Ligand code: DSN
């Protein structure tokens with residue numbers, strides 16, 4: 001028991017459930033001994049983790065601050081209001097809904113707010129294999145099952161978004177929503193350009209900012225909020241908060257979004273996670289966070305340059321964000337083999353399709369790497385050059401045990417210099 005609030009009690013967990021405790025200890029040890037290059041992962045601060053592990057977990061609070069369906073909401077109203085107001089302040093938003101349990105739920109709420117299922121309403125969105133997300137129209141996701149998507153692609157030469165082509169598609173198909181913001185697109189997105197197209201065809205502009213929203217908060221990437229009707233984002237990627245999501249929108253859409261989140265898509269909000277979102281948003285206003293955001297982007301650029309020096313082709317020729325998409329064909333290794341080889345030396349990353357990938361999705365030609373995790377730990381350009389060198393070694397000779405063992409030692413040395421949850 002702490003003096004003012006009851007948060008996680010590790011000894012109680014160990015006594016009550018040694019098996020789960022062992023799994024959690026194993027995960028912490030994995031985090032401490034592995035280099036985290038998965039672009040969508042990060043390390044939430046001890047303060048964020050404490051808010052998640054608080055007794056706010058116990059409270060039902062269906063509804064919104066000041067208008068709940070349960071009594072006893074005075075304190076969760078305080079933290080949920082803080083999360084809302086901080087979101088509005090950090091991103092200059094008119095309205096914020098901080099209740100979505102995850103990015104997928106936030107995105108489905110946008111469909112619920114603006115589209116009729118199984119109708120002719122169309123959404124113009126980036127093709128999945130070019131960097132779009134599962135919830136942006138995949139046929140195995142409710143988005144693709146219930147709504148009509150018109151996919152756009154990146155340019156085959158530059159691998160950049162081609163706004164002229166997107167405009168042509170918008171004029172041809174007259175979508176109700178144009179969706180920008182992706183899961184594997186490394187460059188800056190021209191939000192004013194998307195706004196102009198949306199205005200020309202009378203569409204809503206929706207930005208899924210999940211990947212880069214922390215960079216926006218830290219001033220290292222353009223802010224989509226002034227340009228979009230609605231912006232969804234997860235809180236646990238570059239924003240470094242708890243798992244979950246937030247929707248911000250223009251005031252005119254506030255009622256539709258709030259109704260779509262609750263009661264259309266969700267029931268009781270996860271108030272402990274909402275409190276943790278408020279903590280993360282407070283952290284996002286600090287100079288330390290701005291430094292982290294800037295370091296994330298310059299580290300990603302250093303990683304891209306280092307990988308290019310190793311003979312790996314960088315999709316679109318570089319990055320303006322936290323992630324790098326790499327085409328491994330010059331090294332004659334597939335993305336899946338690369339993921340496994342890297343895991344073997346203590347580097348976590350993910351296989352990824354590249355635009356116009358000649359290989360099937362299960363065996364794509366590329367990998368996606370990101371720097372939010374390393375930047376949170378304090379790593380910078382020199383460390384990313386070192387990482388690029390290790391990746392080059394192991395990906396050129398994944399079956400050579402001497403190479404693997406040397407790379408494993410170099411990774412161990414690197415992660416030991418930047419400890420995880422050390423204090
Ligand atoms: N799984 C996330 C990612 O890795 O990009 C998106 O949901």
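Nothing in this text is a laboratory measurement; each read-out follows from the coordinates by a stated rule. For clarity, every value in this text was computed on a predicted model and none was experimentally measured. Virtual Cβ from ideal backbone geometry, glycine too; neighbours counted across all protein chains shown.
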Rounded to the nearest 5, the percent of antiparallel DSSP beta bridges in the range 109-210 equals 10 percent
Top of 271, 200, 310 by mean-square fluctuation, Gaussian network on the chain, Cα under 10 Å: 200
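With the Cα gyration tensor of the chain in hand, convert its eigenvalues to equivalent ellipsoid semi-axes via √(5λ) and list them largest first in whole Å.
On the way: eigenvalues 223, 186, 64 Å².
Largest first, the chain gives 33, 31, 18 Å.
Relative contact order, percent, of the chain when contacts are C-alpha pairs under 8 Å separated by at least 6 residues? Write down the numbers at each step before the final one.
Working: 873 pairs, mean separation 89.9, N = 423.
Once divided by the residue count of the chain, the mean separation gives 21 percent.
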Can you work out the PRE-style zone for residue 290? Point 7 Å along Cα to Cβ, and I want the residues of the range 217-240 with backbone N under 14 Å. 217-221
Multiplying the sequence separation of residue 142 and residue 60 by 0.36 nm and subtracting their Cα-Cα distance, what value in nm do you get? 26.8 nm
In terms of the alpha carbon gyration tensor, root eigenvalues a ≥ b ≥ c, rounded if a/c is under 1.5 and otherwise prolate when a/b exceeds b/c or oblate, the range 91-233 is rounded
Restricted to the chain, the DSSP antiparallel beta bridge percent, nearest 5, is 55 percent
Under a crude label model (7 Å from the Cα following the beta-carbon direction), how far is residue 41 from residue 70 in nanometres? 3.2 nm
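I'd like the FRET efficiency for residue 409 and residue 21, computed as 1/(1 + (r/R0)^6) with the beta carbon distance as r and R0 of 35 Å, rounded to 0.05.
Values: r = 30 Å, r/R0 = 0.86.
Efficiency computed from Cβ-Cβ geometry: 0.70.
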Comparing 191, 75, 212, which has the greatest mean-square fluctuation in the GNM of the chain with Cα pairs linked when under 10 Å apart? 75
In nm, give the distance between the simple-model label positions of residue 417 and residue 385, each being 7 Å from the Cα along the Cα-to-Cβ direction. 1.2 nm
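Counting only helical runs of four or more DSSP H residues, what would the 222 nm mean residue ellipticity of the chain come to if each run contributes -39,500 (n - 2.57) and the total is spread over all its residues? Don't skip to the answer; put the middle values down first.
Numbers: 16 runs with 182 residues, N = 423.
Calculated at 222 nm, the ellipticity per residue is -13000 deg cm²/dmol.
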If the elastic network links every pair of Cα atoms under 10 Å, which of 137, 344, 72 fluctuates the most in the Gaussian network model of the chain? 72
Stretch residue 336-residue 252 to full length: gain in nm at 0.36 nm per residue minus the Cα-Cα span? 25.7 nm
The range 25-161: proportion of alpha-carbon pairs further apart than 21 angstrom, %: 64 percent
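For residue 120 and residue 33, compute 0.36 nm times the residue count separating them, minus their Cα-Cα distance, and round to one decimal in nm. Kindly include the intermediate steps, with their values, before the conclusion.
On the way: separation 87, 0.36 × 87 = 31.32 nm, distance 5.05 nm.
Here the answer is 26.3 nm.
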Residue 200 versus residue 94, label points 7 Å from Cα toward the beta carbon: distance in nm? 2.4 nm
